[in-house]
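**Student:** What follows is a single structure, and I will ask about it in a moment.
What follows is calculated from the coordinates using simple rules that are stated; it is not laboratory data. Fair warning: this is a prediction, and the values are worked out from it, not measured in the lab. With ideal geometry, Cβ positions are generated from the backbone for all residues, glycine too; neighbour counts draw on all protein chains shown.
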Amino acid sequence: MPAAATVAVAQEFPATSPLTAGAGRTVTDRQLIQRINAYFNGVRTMSGAFVQFSPSGARTDGTFVLARPGKIRFDYDPPTKMQIIADGKSVAVRDTRRQTQDIWPLGQTPMRFLLANNIDLTRDAKVASVTEADGLITVVVQEKTVFGNGRLALFFDAASAQLKQWTVTDAQGQDTSVAIYDVKTNVPVDPKQFVINYQRIL
């Protein structure tokens, strides 16, 4: 997926220590993940603004809206003419300037971790590490997607467990990051925002 499509502020991650599988996890690690699971499972809709940094450091801004399960939309501010829409089964990346649209299965993209009906990172993701430092809980997930092997780092506020940022590292080691702000949760959203035109007519 192109940098904008990964929808993921390039930075060094806080130091992390590997987790062992299953019962080998420490109680602290398990509790941190359970807090994140509990927070996300209490959020059915979310909307706000985002700022994205590409591997080159280029910045783009925009707005997003999410409705679990399976639906999310990112609208990029001008001059970027791009939209990313997930309708529950697919993710479409629409470039209205070039009049192109690319579609991938939702279940084979990094977005699936945020959009599941019942989020359980210990079950659905290969958690490589989890740490709490500097007011953030950082969960690093190793994954294999349609875009190759990569890494997804999720950054949560340690006090509220709210998602603050995520960074996708692709198979070439390139980071694309997104930080979200002005977030509102569990507010009404228009389902028409998540419709994908599979005919690719832009």
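**Student:** Past the 16 angstrom mark, what percentage of all C-alpha to C-alpha distances in region 126-196 do you count?
**Tutor:** 60
**Student:** Which of the trypsin sites (Lys or Arg not before Pro) found in region 42-149 are in a DSSP loop and have at most 15 neighbouring Cβ atoms, other than their own, within 10 Å?
**Tutor:** ARG44, LYS81, LYS89, ARG97, ARG98
**Student:** Going from the alpha-carbon gyration tensor of region 60-149, what semi-axes, largest first and in whole Å, does one get by taking the root of 5 times each eigenvalue?
**Tutor:** Square roots of five times the eigenvalues give 26, 17, 13 Å.
**Student:** I'd like the chymotrypsin sites (Phe, Trp or Tyr not before Pro) in region 153-202 restricted to DSSP loop residues with at most 14 other Cβ atoms within 10 Å, sorted by number. Let's see the in-between values first.
**Tutor:** Working: sites: PHE155, PHE156, TRP166, TYR181, PHE194, TYR198; in loops: TYR198.
Here the chymotrypsin sites (Phe, Trp or Tyr not before Pro) that fit, given the DSSP loop and packing criteria, are TYR198.
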